[in-house]
Amino acid sequence: MTTHPGIKAVLHGDFSNLPENPSDDAWHVLALMIDGYTLSEHLGLGEMLGFVSSCLQQYKERGILPKKSIELWICLLGLQRSEHFLGRPLEGDDRQFVSEIYSELRKNLLDTEGVGKMIKSLEINDYGRYRNDLIHRYWRYQEKEFQPVEEFFDQPNNDNERPPVFLKSEAKKNILTSLDSKSIENEQLFNLIPHGEHHKWFRSMNSSQALALIVLGNLFIHNKLSILSHLTDDDGRSLLENMDIAFDEFFMEHKINFLGERRRTSIDAFIPGDFQIAIECKFTENEVGSCSRPKLSKNASKYEQRYCNGSYIKQMGRKERCALTENGVEYWKYIPLFFKWDKEKDADACPLRYNYQLVRNLLAAGIKEDGSASLTNGQVILIYDKRNPACQPGGKIFRSYNETKEALLNPRMLRKISWQNIIRYMRGENIFPWITKQLKEKYGI
């Protein structure tokens, strides 16, 4: 076999002479120049042949090709492997797919700027890989479950640059419900989030609020929320500090009105009672929730009164070390009751700056409506996606959790558990197999 000189030149970084109409041998050689199996995983596209199969399906149904050169090249390898396993050339639409994939790849690579883009696309960090994997999964799930897609989603797949987002009129479709459930149960589920309290991107498949409603909401509506008492946290201890919980009340986006906030603290999920449980739900977020004051633009209203540089010192002419305290917010009134932080001592780095949301949750769990506080009658549970690099050692959420827990006078007030561990328990106990099956398909959990 004699390899086309234009194909040989690719080995030396020269794409200028790629043949317009390659022989089977020629495009096979080009395809085999990359390790598509590894690259597909590296780029967050998932298993290579699954990715190629998805691209082929989109091409057959809608005439869509991947736009990124490296994805085209991976498809070319997948098609070469298909021919190899079949032991014969591809035919029909499959053969046409080969021609169009090669033609589009050639066009991209003949452009030096296109080659640069391809090389740059290989530079991906762990979070980018995690995000890509989810987005590609969402679009495959969308194609399978929602047809015609235009009736349910606000935009078509723009080369997997963002997750699918449901139309406002179809937002409820983002929530997994049982087809066998009575409609009244589904309405109870949807009503767990009060009107006006849906997050801006609740309609996105990436929404942590939607995931929380799917899992925790369904557990509550179907009287199964008590499984929390049977779970262990990441340290191998019982997830709940107090096992005597009734679980007959459960709220999402629960408002706390005793911290002096102009915009009241909203807890993702809340179980009231003598022992209060606040649940913070994370999914693809890359931080636990930081204080907004250091991020204020100089063009923001009342900038001089509101801005903070991230340190816990008196600044901008204020009497208080915390800009929020100056405006009547009472976080630092209660913080000494729960944390080792000294509110009378300057600090170059304010301990609330990056741990803000967890601290608010802990205050909400430990303080009653009458203002009484207890180190032993409240708890916060952080639920997270263990695949998210931000939740792994070195990640921002992981770091915030540990810093906050170490600062607590009673560290048992704060526990964490992954969505994976909750859903694994549900599968093991055969709880809502209709949910756990769809969670696997939609989220890969």
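What follows draws every value from the coordinates through simple rules; no lab data is involved. From a predicted model like this one, the values you see are computed outputs, not experimental measurements. So basically every Cβ, Gly included, is an ideal-geometry build from the backbone, and we count neighbours across all protein chains shown.
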Which trypsin sites (Lys or Arg not before Pro) in the range 226-331 pass both tests, a DSSP loop state and at most 10 other beta-carbon atoms within 10 Å?
262, 263, 298, 302, 319
Sites residue 376 and residue 287, calculated FRET efficiency, Cβ-Cβ separation with R0 25 Å, nearest 0.05
0.30
Helix 419-428 sits at what angle to the longest principal axis of the chain, using alpha carbons and giving 0 to 90 degrees rounded to 10?
80 degrees
Unit charges on C-beta of K, R, D, E only; dipole of the range 5-124, Debye:
140 debye
For residue 113 and residue 91 in the same chain, what is the full-extension length gain: residue separation times 0.36 nm, less their Cα-Cα distance, in nm?
4.6 nm
Between residue 431 and residue 173, what is the label-point separation in nm under the 7 Å Cα-to-beta-carbon projection?
3.0 nm
Taking every C-alpha to C-alpha distance in the range 331-377 and binning by 5 Å from 0, the per-bin percentages run 5, 20, 33, 23, 13, 6, 1
With r as the distance between the Cβ atoms of residue 313 and residue 410 and R0 = 22 Å, compute the FRET efficiency 1/(1 + (r/R0)^6) and round to 0.05.
0.20
For the chain, take the longest principal axis of its alpha carbons; what is the angle in degrees between that and the long axis of helix 396-407, to the nearest 10 within 0 to 90?
20 degrees
Kindly provide the GluC sites (Glu not before Pro) of the range 55-100 that DSSP labels as loop, not H, G, I, E or B, and whose Cβ sees at most 12 other Cβ atoms within 10 Å.
91
Along its principal axes, what span do the Cα atoms of the range 256-325 show, with the longest given first and each in whole Å?
42, 30, 21
If you stretched the chain out fully between residue 33 and residue 2, how much longer would it get, using 0.36 nm times the residue separation minus the C-alpha to C-alpha distance?
9.6 nm
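Determine the calculated [θ] at 222 nm for the chain from helices alone, applying -39500 (n - 2.57) to every DSSP H run no shorter than 4 residues and normalising by the residue count; nearest 500 deg cm²/dmol.
For the chain, the value works out to -12000 deg cm²/dmol.
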Per q in 0.23 Å⁻¹, report the Debye log10 I(q)/I(0) for the range 5-124, using one uniform scatterer on each alpha carbon and no solvent.
-1.56
Which one, [x] 54; [y] 46; [z] 50, gives percent of Cα pairs over 30 Å apart as derived from the coordinates shown?
[x]
FRET efficiency, 1/(1 + (r/R0)^6) with R0 60 Å, evaluated for residue 420 and residue 298 via beta carbons
0.90
So which of 343/405; 282/343; 182/386 end up more than 25 Å apart by C-alpha?
282/343; 182/386
